[in-house]
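Peer 1: To start, I am sharing the structure in question, which I have written as structure tokens.
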Amino acid sequence: MNLRDKICVVTGGASGIGRALAERFTAEGAKRVVVVDRDADGVRAVASAVGGVGMTADVSSEDDLRRVIEDTESQHGPIDLFCSNAGILTIGGAEVPTAEWQRIWDVNVMAHVFAARHLVPRMLARGGGYLLNTASAAGLLSQVGSAPYAVTKHAAVAFAEWLAITYGDRGIVVSVLCPQAVRTKMTEDFENGGVAGIDGMLEPSALAQVVVEGLSDERFLILPHPEVAEYVRRKGEDVDRWIRGMRRLQARFGG
């Protein structure tokens, strides 16, 4: 995809990865960038900075996402690229309260489902469109110290795969973004990004560059940390060996 003259929506756009994507899409010549987030002040600031449109919404609400899609298309035109980027992290395992499991599931998984539910039929009717879903390297590997994050990011990758398989021959292009540590609010409480920073902490602007390249090539997996591809290969070759290695990593980082 060439971003010039395209209408792009970015959820989680008030800061971090989302803000960097909004800035970079604007620099690439997007016709309109719609910045979506729960943070109303952040939405206004980023939309103003990029000359875009701000919409306040909670991505865990199907009604909110339907409104974002309907308002964007009625006021600005057909959405060419929808970046389902918002995500949250919850530390812990099975003991995490059910309400917190549900909250992270709604944000990290159902937000992708809601966006596809209300946008894919529109894209199919007009012959195509592009979905970029932000997951994580944790969705391909795992997340030491957070079962909810590992589980929901695996689900996000699986849903993106399903979309690509089901609609790829009907004009819908799907990419899934799977970084390790990026310098955002999510990682600021972890020294050097914690276990996810083992291969270095990326600045959001550097990640946005990789995303633009991935969109241009229409790659399914966009991996800002290229080491992740090798880790996935090793996991596929010998899962038992990989789990032993992950246990060593857990011991090292105290997860």
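Peer 1: Report whether or not D63 is in a helix (DSSP H, G or I), closer than 19 Å to G18 by Cα and out of contact with any Lys or Arg (no Cβ under 6 Å at 6 or more places or on another chain).
Peer 2: Against the criterion (in a helix (DSSP H, G or I), closer than 19 Å to G18 by Cα and out of contact with any Lys or Arg (no Cβ under 6 Å at 6 or more places or on another chain)), D63 does not qualify.
Peer 1: So how many residues does region 144-190 have that are closer than 23 Å to I243 by Cα, modelled with pLDDT under 95 and among the β-branched types (V, I, T)?
Peer 2: Residues meeting the conditions: 1.
Peer 1: In the set V120, V157, V107, V151, which member is free of Cβ contacts under 8 Å to residues at least 60 places away in the same chain, over 26 Å from E70 (Cβ atoms), assigned to a helix (DSSP H, G or I) and open to solvent by less than 20 Å² (accessible area, probe 1.4 Å)?
Peer 2: Every option except V157 fails the conditions.
Peer 1: A follow-up question, please. Quick check on my filter: what residues within region 15-55 are among the basic types (K, R) and either surrounded by fewer than 18 Cβ atoms within 10 Å (Cβ to Cβ) or more than 13 Å from S205 (Cβ to Cβ) (or both)?
Peer 2: Hits for region 15-55 are K31, R32, R38, R44.
Peer 1: Of everything in region 231-251, what is free of Cβ contacts under 8 Å to residues at least 12 places away in the same chain, assigned to a helix (DSSP H, G or I) and either more than 17 Å from V195 (Cα to Cα) or among the basic types (K, R) (or both)? Give them in sequence order.
Peer 2: R233, R234, G236, E237, V239, D240, R241, R244, R247, R248
Peer 1: Just wondering, is there one or more residues in region 77-88 that are open to solvent by 40 Å² or more (accessible area, probe 1.4 Å) and farther than 20 Å from M110 by Cβ?
Peer 2: Yes, region 77-88 contains at least one residue that is open to solvent by 40 Å² or more (accessible area, probe 1.4 Å) and farther than 20 Å from M110 by Cβ.
Peer 1: Quickly run through region 84-104 and pick out the residues that are among the acidic types (D, E) and without any contact (Cβ under 8 Å) to a residue 12 or more places away in the chain.
Peer 2: E95
The values are calculated or read from the model by the stated rules, or taken from the named source; none is laboratory data. Please read all numbers here as calculations on a predicted model, not as lab measurements. Glycine gets a Cβ as well: all are built from the backbone with ideal geometry, and neighbour counts include every protein chain shown. Only protein heavy atoms, including side chains, enter the accessible area calculation; ligands, DNA and RNA are left aside. Shrake-Rupley method; radii C 1.70, N 1.55, O 1.52, S 1.80 Å.
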